[in-house]
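First up is the structure itself, then whatever we jot down about it.
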Amino acid sequence: MLKLSALCGSTAVLLAVAACSSSDPASPPSTPSDAGAALDAAADAPIADGGTLPDAAPVPTPAETRAIAKLTSVCVAAPTDFGTYGSIVSYDRYELANPSWAGTDAAMPLQVFAPKGGAATHPVIFFSHPFGGNDWHRMLGLFEFLVSRDLVVVFVPYATTNVTSCGRYDTLWGGFQRAVDVLGTAAGMDTSRAGFVGHSFGGGATPWIAHEGITKRGWGAKASFLFTSAPWYGFRMMPADWADFPAGTRLTTMVYADDAVNDHRMAIDDVWQPFPGAKSYVRLASDAHASCKLVADHGTPSCAAQFDTFDSLDSWGVWRHLHALIACTNDADAAACAIVSGSAATANAMGVWTSDGAAVAPAEHLATPTPSKADADYTFGYTGSSKYPCVK
């Protein structure tokens, strides 16, 4: 296991990360298994206590602390209510091997981003990445924003090739559990307040991951929510499973009007409709003004200056609505809840163009969602085929 501190959004950090990663072990330190009931963690890690799992490695002290780099959107001023950076200015990044990695590709370590400062313990975001998005740098902007808001973020990569969809689910679920079991104390995780966030393949996996975390581990006992972005096909959630979500669990499903990859029917029929609690369906639109273009497609939640253009679809769209969902769920913030429900006058606002103050095309809260395109116009159409190929 490795604990690093990162300077967000800088080329120097990419080189530093690569240098650290190349010399670190790809698997946990060799420690003897023992025969008892619990996984050792933190200070007593080297002490055999009779657990059924191998002892965890001791948690190292931080190497260094560096500042969060704040991203600035192009052409549109940042929001001022939600979607704004918080008071936390630095964080620690933990890196930990994941024994649940499935497939024949070389295993990649999971990542935990933990605030330095703020409260003694922090709500946790379990993030499930899109297909092929197992490089955590691609979502670093979003992660740093969440950390600035005093949240711990857990990122578990899964294999892109040479593995089944069910194997990817196993990698995610096993990795999230390992992160909590080994790093929960060191990272200050408060798993009683838990959010489950995912995009594309990860968005389709999010309901099942949330169900397992809530029902099997007790995560989100005080507050829980799901945020699914342009979800792909979802597996393992049986119809009866949806009733297991606590009454207070909230859902926001977000789609993008010009997404030509994932049929919106996946978001509607497989996530939004069966979810039994308070829920919102938000659709972001493309817009253009002078030389500025906002394209609400499948790549909308880019959130990393090194790879993509950070724009107001990120800040006003993804960040603002996710932040409002977090504040509504964890803090019962009335203004946040009004944005989540769509009842606030500014709920669908997407800012104004800095060139002349004209309004950007608004988002939509849809009470009766419909897809933006015909089934045949998506790369992955909604075929209605079996959604339950994996055995739990």
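The numbers here are math on the coordinates, done by the rules we state, and not lab data. This structure is a prediction, so every number in the text was calculated from the model and none was measured. Using ideal geometry, Cβ is built from the backbone for each residue, glycine included, and neighbour counts are taken over all protein chains shown.
Annotations for the structure displayed:
- Convex hull of alpha carbon positions in region 155-260: directionally averaged projected area 7.5 nm².
- Between ALA290 and SER192, the simple label model (points 7 Å from Cα in the Cβ direction) yields a spacing of 5.1 nm.
- Phi to ³J(HN,Hα) by Karplus 6.51 cos²θ - 1.76 cosθ + 1.60 over region 352-363, Hz, x for Gly, Pro: 10, 5, 5, 5, 8, x, 5, 6, 6, 3, x, 6
- Exposure proxy order (Cβ contacts within 10 Å, fewest to most) of PHE310, PHE131: PHE131, PHE310
- Set LYS70/LYS116; LYS222/LYS279; LYS70/LYS222; LYS293/LYS373; LYS116/LYS279; LYS116/LYS216 screened for pairs whose C-alpha atoms are more than 25 Å apart: LYS70/LYS222; LYS116/LYS279; LYS116/LYS216
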